[in-house]
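Here the structure is laid out as structure tokens; the discussion comes afterwards.
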Amino acid sequence: MQVRDELLDFAGTGLSVMEISHRSQPFMEFAQRSEAALRRVLGVPSDYHVLLLQGGSYLQFSQIPMNLLHKTNTADYIHTGLWSEQAANAASQYGEARIIASSCDTGFDRIPEINESNINLDAAYLHYTENETAQGLQFSEPPASPIPLVCDACSSLMSKPLDISAHDLVYASAQKNMGIAGVTVVLLNPAILDKPLPGTPQALDFSIQAKKQSLLNTPSTFSWYVLGLTLEWIERVGGVNVLHEINKKKSKLLYEVIDQSEGFYINNVLPDYRSINNIPFYISENNLNILFADTAQKNGFHGLKGHQSTGGLRASIYNAVTLDAVQALGEFMREFERTHG
Ligand SMILES: *Cc1c(COP(=O)(O)O)cnc(C)c1O
């Protein structure tokens, strides 16, 4: 793999990317090429900022209200599961975070109906979580919003096309579909920027980060580098549309195994809202869930335990997971059902 080959010699410098300065010419040139690739791959409007920040998507839950709530002191949230709830909770420390729609009552089995008349026209923005990673439900379209639209695309950006111009802010950390942990992509329409709240640190001020091209202080250079290589790979394979087709095939295959198991495996999300990235499921006979995860691991399928908040099992099939690997998992699931069902 290219990361391994270049580990000790970045861009012919004879130095590792971890050793060279983030202000050195080879690194700056690589960073500029990566930003251009990111804009091409996602179709980012030319006037939008592309920020590469630290702190993960989790910090965005706070950084966004810190930068956008000064004037209005209020924002609207769509509640679809664990991550949107955390985002709203974090924002409520800085102002009012109103839940305007929720599928909590039906166990997060769907994206709730969004009644536009519930959207507060005075709110700074409407926030939604494109793909709920723990619950395994996903929007098929961005919600229609008369106010600026903010999207947590942490677990889906670059796994399917997303109309960036329909949004004013999109954020995603790299480690799910586009690289390794340590860098978070923020795509931002500068028109929505407000004065940051008093006390906002410089490093968390979107305007300052934009002016400094995300180089206010030392970034996670190695994470930027892996993101850049991932973007090159995405362009080589034909772009996000191609990945989307593969991801649809991968998820369809696993949902078929679940639905054809006649109640042995259960996924409670209604078909229209099922995620192509994360497939949570459980075995109705409870004591078999741990056995499944352990047996899977012995057979080379790692990380199938469900999110700690939901329990059960979950297959996260991000861009890096191949169709072959998902096919093998599907066969393993059928075999496990045959021997334990
Ligand atoms: C993983 C995840 C987060 C948190 O991302 P970090 O990089 O760990 O901060 C936020 N939102 C969603 C939807 C996620 O899947």
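The values are calculated or read from the model by the stated rules, or taken from the named source; none is laboratory data. Keep in mind it's a predicted model, so treat the numbers as computed, not measured. Note: ideal-geometry Cβ built from the backbone for every residue, glycine included; neighbour counts use all protein chains shown.
List, please: which pairs have Cβ atoms under 9 Å, are six or more places apart or on different chains, and start with a residue in segment 143-162 that is outside the structural domain of I100 (by TED's automatic domain parsing) and end with one that is at pLDDT below 95 and within 14 Å of the ligand (Cβ to nearest atom)? From segment 143-162, no pairs qualify. Taken over segment 137-164, the criterion of being within 11 Å of the chain's Cα centre (by Cα) and under 21 Å from L59 (Cα atoms) is satisfied by C151, D152, A153, C154, S155, S156, L157, M158. Here the strands (runs of 3 or more DSSP E) wholly within segment 1-119 that include at least 3 residues being closer than 20 Å to N189 by Cα and either modelled with pLDDT of 95 or more or of a type in the set (G, A, S) (or both) are 49-53, 74-79. For segment 218-256, a residue qualifies if it is polar (S, T, N, Q) and in a helix (DSSP H, G or I), and the qualifying residues are T221, S223, T230, N241, N247, S251. When segment 314-341 is filtered for residues that are free of Cβ contacts under 8 Å to residues at least 40 places away in the same chain and either touching a strand residue (DSSP E or B) at 6+ places or on another chain (Cβ under 7 Å) or surrounded by 16 or more Cβ atoms within 10 Å (Cβ to Cβ) (or both), only F332 remains. Mind checking whether some residue in segment 293-303 is part of a loop (DSSP other than H, G, I, E, B) and acidic (D, E)? No, there is no match, as no residue in segment 293-303 is part of a loop (DSSP other than H, G, I, E, B) and acidic (D, E).
The residues of segment 150-193 that are away from the ligand (no atom under 13 Å from the Cβ) and either at pLDDT below 95 or surrounded by fewer than 21 Cβ atoms within 10 Å (Cβ to Cβ) (or both), listed by number, are P161, D163, S165, A166, N189, P190, A191, I192, L193. Filtered by the rule that a residue be of a type in the set (V, I, T) and closer than 30 Å to D163 by Cβ, segment 1-44 gives V41, V44. Taken over segment 137-148, the residue count meeting the criterion of being within 16 Å of I192 (Cβ to Cβ) and away from the ligand (no atom under 16 Å from the Cβ) is 4.
Residues in segment 61-96 that are touching a His at 6+ places or on another chain (Cβ under 8 Å) and either free of Cβ contacts under 8 Å to residues at least 24 places away in the same chain or closer than 28 Å to I208 by Cα (or both): I64, A75, D76, Y77, S84, E85, A87, A88, A91.
Taking the numbered list (1) buried (at least 24 other Cβ atoms within 10 Å of the Cβ); (2) within 15 Å of the ligand (Cβ to nearest atom); (3) more than 14 Å from the chain's Cα centre (by Cα) in turn, T129 passes all entries but (3).
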